[in-house]
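Bear in mind these aren't lab numbers, they're just calculated from the coordinates by the rules spelled out. What you see is a predicted model, and the numbers here were worked out from it, not measured in a lab. In this analysis, Cβ positions are derived from the backbone assuming ideal geometry, glycine residues included, and neighbour counts consider all displayed protein chains.
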Amino acid sequence: MTSEITSQVTDQTLWIRFNRPDARNALTFSMYKELARLCENVPTDGSVRAVVMAGAGGKAFAAGTDMTQFRAFETEQDALDYEDEISRVLSAVDRCPLPTIAAVHGACTGGGASIAAACDIRIASARLKFGFPIARTLGNCLNAGNLARLSELLGAGRVRELIFTARLMGADEAAAAGLVSEVLPDEDGLMRRATALAKHMGEMAPLTLRATKEAMRRNREAIAVEDSDLITMCYMSNDFKHGLEAFLAKEKPDWSGT
């Protein structure tokens, strides 16, 4: 059985690939755990100098969480545990002691977009589609820490507009907004640039990069926010259950606000 996440060290770069191409690399709970494990255990002895994350299959970086897994949610604790796990995974990406690059081709939505946002640098192909269409699909929410990270990157106003309209940001807009630092014409060019960028950053002073990453993370997380009531309001709602089944049935949900 093919691993849903593959990892390989090539020329001192750890390549992590989301590997469910038939599902546009939608993330299972086990994939989230494996990503956290890889980031938490990356070697700091000089054998690896940078990390690149990408999606397999030529269509998507990662198209969010595999929604079939939400059918098992029954209690408020299920919702809180899920968002706690997402926070843990994104924190593991944030805290990775090596520079991280998201090489984004195609769809980068939901959980995939959160992972890309947690990386240090994002570069994209011209086919990038980035966003969080949850107000159109499931009716769930992002936790406060995730929103803070996105607001730091894009500004609070743009984050609200993206979520409130459920639209997806293309490559040119993402570059203009500072979300991605470079746009490459195609996937091959993107991967070549990711390889070169990882090599370049691998030649920088490791402790300078690590200290900068950690200080910026501490600045963002200095204020703790209580959001459990907001999470349970969304995940335990009739709208969430209805939105999930409507999405899986490829139907348009009829939101009730309850």
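Collect residues whose amide H, placed 1.01 Å from N in the peptide plane, falls under 5 Å from the amide H of TRP15; neighbours closer than 5 in sequence don't count.
GLN8, VAL9, THR10, VAL52
For LEU248, LEU147, LEU14, LEU128, what ranking results if the residue with the fewest other Cβ atoms within 10 Å of its Cβ goes first?
Values: LEU248 12, LEU147 19, LEU14 23, LEU128 28.
So the ranking, lowest neighbour count to highest, is LEU248, LEU147, LEU14, LEU128.
In whole Å, what is the distance between the alpha-carbon centres of the stretch 162-228 and the stretch 60-109?
First find each Cα centre; the distance between them is then 16 Å.
Fewest first, what order do MET169, MET201 take by the number of other Cβ atoms within 10 Å? Spell out each step's value before the answer.
Working: MET169 23, MET201 20.
Going from sparsest to densest Cβ surroundings: MET201, MET169.
Within 10 Å of each residue's Cβ, count the other Cβ atoms and sort ASP84, ASP120 from fewest upward.
ASP84, ASP120
Starting at the first residue of the stretch 56-64, write each ³J(HN,Hα) from the Karplus equation 6.51 cos²θ - 1.76 cosθ + 1.60 with θ = phi - 60°, in whole Hz, x for Gly and Pro.
Computed from phi, the couplings for the stretch 56-64 are 8, x, x, 10, 8, 6, 6, 9, x Hz.
Loop only per DSSP, at most 16 neighbouring Cβ atoms within 10 Å: give me the GluC sites (Glu not before Pro) in the stretch 1-109, ordered by residue number. List each step's numbers first, then the result.
Numbers: sites: GLU4, GLU34, GLU40, GLU74, GLU76, GLU83, GLU85; in loops: GLU4, GLU74.
Hits after loop and neighbour filter: GLU74.
Over the chain, what relative contact order in percent results from Cα pairs under 8 Å that are six or more residues apart? Each step should come with its number before you reach the end.
On the way: 485 pairs, mean separation 51.9, N = 258.
Dividing the mean separation by the residue count of the chain yields 20 percent.
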